[in-house]
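Reading through the structure tokens given below for one structure.
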Amino acid sequence: GKQNKYVLLFDAIDAQSEYDEVAIKKKFEGEAFTRQLHVAKNYLYQLILASLRNFHETNWEDKFYTWMRDAQLLYDKGLYHQSEKALNKAKRSAVDNERFLQLLEIYRWEHQIAHNKSDFKLLEIYLSESIREEFELIDKYRNFLEFQALNDQVFLPYWKKGAIRKASEKKALQQLFEQPLFVSVENAQSFARYFYHNARFSFHLFIGELNESYDHILQLVRMFEALEDNKIKGKMVRYYSSALINLYIVQQRLGKYDEIPNTLKQLRQMPADSPEQRRRLFIRSFNLEVDLYLSTGQFRKGVSQIKELTERFNKYQKNVNKQQRLNVFYNLAYLYFGAEDYDQALDWINLLLNDPELKTREDIHCFGRLLNLIIHFELGNDQLLEYIVKSTYRFLSNRKRLFKVESVMLKLLRHYPKWIGSAEIKKGFSGLLRELETLKSDEYENRAFEYFDFTAWMQSQVSKDSFDNIIRSKQKQPG
């Protein structure tokens, strides 16, 4: 009639907001298991995993590993015919989902069963057909890995540093696609086509060839749209949602605003297999909605529309992918800045700058610091600005990837204290605005304006028109 000690231990740990082993030992003082608490915790961990496995085996649509375990158990008992039945079920699942390594494992088992049964006919079929299928499968898997590696090679520099800044970086990417295997999608077998189009989309996007980028991401989305509904599950949801997000990015940059609502609708209607997947889809669609308000200059509308969504994001924040979390922090800071709610903007930018994962995104770190400077400028924090300008300049100089745009903004903020209350201020702003407008035509410098519209902000200072009005007039968007 006494409750299981492992259940009591689980409940005690679950009740803590943060794990506190001292408190656990005190709570169970006198209990024998506390003398070797690490053993009890490990046993509890294994019990939880076993329970999760049992639970999900009855819920997962894809029961590949269940069938494979059944096949092995039946094989060990010498029930080869029954084992083959289980393998056939697993094989259909692996073929449907293009799981190359799993298929190879099934072939190994089929070959082993044929030997144990001394089934010479099966062995003859293996030698004439199955072994050739295995070699073809190995070639397919190699092709898959090569195109997956291409995709990673294109993305890795962006993940680390952000936009292309040098001709040498552009050339390095171009050389990837000059390799014979990667010159055409025709060389990509099966799902490797996903990686080809995704790599091409990214490459053209990074070098500013938006129309070419749009063509590739559209082909990628159509690949998913052609799939049957029952195929959109598991990793396919992740790949499909990423394709829709990337389609949004190009639509937004090309000004295809009439296409965007349908893209966001597709993303929101994406099926989710788990609470974690639903959480990821929400974060992605939320970030895109915020970005849409930014790109169209509808800052005040955005602030009023996202309050409930922001509360939901705050609940998920700790479990959000670090790249997505940093993007949301930056976009929300930018949104509140555009709505002239500078205190809220400062709260979000501080969350960004204090995030321990910020070092993974040099570009967000850089423009987060610049946005921080501009927010303090608008708040009139003149004494604090002098310190922030110096620390920001040191950071940008040390990383040796200083955009000329960054230099212009730092020049402004270094001169700003001298211009206060003088006739020089409008002249100074106008001169810097001309410098920024020249930089927008530079192939590498114009990437900076994708993070923040520096020219619109500078124009607002010169003309005394509001920042959001200037952006809307550029985009021809309503208020």
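Loop-resident GluC sites (Glu not before Pro) (DSSP state other than H, G, I, E or B) in the range 1-53 with no more than 12 further Cβ atoms inside 10 Å of their Cβ: E18, E29. Accessible area of R132 (1.4 Å probe, protein heavy atoms only, ligands and nucleic acids ignored): about 110 Å².
The C-alpha radius of gyration of the range 8-161, expressed as a fraction of 2.2 N^0.38 Å, stands at 1.59. Taking all protein chains together, M223, M458 sort by accessible area into M223, M458, largest first [probe 1.4 Å]. A viscosity of 0.890 mPa s and a temperature of 25 °C, combined with the Kirkwood radius over Cα pairs in Stokes-Einstein, give a translational diffusion coefficient for the range 160-257 of 170 µm²/s. Along the range 349-359 the Karplus relation, 6.51 cos²θ - 1.76 cosθ + 1.60 evaluated at θ = phi - 60°, assigns HN-Hα couplings of 5, 5, 4, 5, 5, 9, 6, x, 8, 4, 4 Hz to successive residues, with x for each Gly and Pro. In terms of accessible area, using a 1.4 Å probe and ignoring ligands and nucleic acids, I48, I364 rank largest first as I48, I364. With the convex hull of its Cα atoms as the shape, the range 218-296 has an orientation-averaged projected area of 4.9 nm².
Taking all Cα pairs closer than 8 Å and separated by 6 or more residues, the relative contact order of the range 273-409 comes to 18 percent.
Solvent-accessible surface of protein heavy atoms, probed at 1.4 angstrom with all chains present, puts S391, S83 in the order S391, S83, largest first. Protein heavy-atom surface of the chain, 1.4 angstrom probe: 50% of the accessible area is carbon and sulfur, with nucleic acids and ligands not counted. Treating each Cα of the range 431-470 as an identical point scatterer and summing with the Debye formula, the log10 of I(q)/I(0) at q = 0.20, 0.28 Å⁻¹ comes to -0.57, -0.94. Length, then width, then depth: along the principal axes, the Cα atoms of the range 175-313 run 52, 35, 23 Å. Ligands, DNA and RNA aside, L47 has an accessible area near 70 Å² when probed at 1.4 Å. Loop-only chymotrypsin sites (Phe, Trp or Tyr not before Pro) in the range 84-151, please: DSSP not H, G, I, E or B, and at most 12 other Cβ atoms within 10 Å. Nothing satisfies the criteria. The residues of the range 179-319 expose on average 47 square angstrom of accessible surface per residue, using a 1.4 Å probe on protein heavy atoms. Contact order, relative form, for the range 165-310: 15 percent (alpha carbon pairs under 8 Å, 6 or more residues apart, mean separation divided by residue count).
Distance between the C-alpha centres of the range 426-478 and the range 266-326: 27 Å, rounded to the whole angstrom. Converting phi to 3J(HN,Hα) with the Karplus coefficients 6.51, -1.76 and 1.60 and the offset θ = phi - 60°, the range 119-132 yields 8, 5, 4, 4, 5, 5, 5, 4, 5, 8, 10, 4, 5, 5 Hz in sequence order, with x at every glycine or proline.
For the range 357-400, the share of alpha carbon pairs falling in successive 10 Å distance bins from zero is 28, 51, 20, 0 percent.
The mean sequence separation of alpha-carbon pairs under 8 Å and at least six residues apart, normalised by the residue count of the chain, gives a relative contact order of 9 percent. Using a probe of 1.4 Å on the protein chains alone, the accessible area found for Y334 is around 20 Å². Only aspartates and glutamates eight or more places from K359 in sequence, or on another chain, were considered; those with a Cα closer than 19 Å are E406.
Computed from the alpha carbon positions, the gyration tensor of the range 238-277 leads to an equivalent ellipsoid with semi-axes of 22, 10, 6 Å, biggest first.
Above 29 Å, the calculated P(r) of the chain contains 63 percent of its Cα-Cα pairs. In 5 Å bins starting at 0, how do the alpha-carbon pair distances of the range 1-83 split up by percent? Answer for the range 1-83: a P(r) of 3, 12, 16, 16, 12, 9, 10, 9, 8, 4, 2, 0 percent.
Computed over the alpha-carbon pairs of the range 78-124, the distance histogram in 10 Å steps reads 27, 51, 22, 0 percent, short to long. Specify whether the C-alpha gyration tensor of the range 272-342 places it in the rounded, prolate or oblate class, a ≥ b ≥ c being the square roots of the eigenvalues: rounded for a/c under 1.5, otherwise prolate if a/b is larger than b/c and oblate if not. Prolate is the answer for the range 272-342, as a/c is 1.5 or above and a/b outweighs b/c.
The values are calculated or read from the model by the stated rules, or taken from the named source; none is laboratory data. Computed from a predicted model, the values in this text were never measured in an experiment. Because the Cβ atoms are built from the backbone with ideal geometry, glycine has one as well, and the counts that use them run over all protein chains shown. SASA here: full protein model, heavy atoms, side chains in, ligands and nucleic acids out. Shrake-Rupley method; radii C 1.70, N 1.55, O 1.52, S 1.80 Å.
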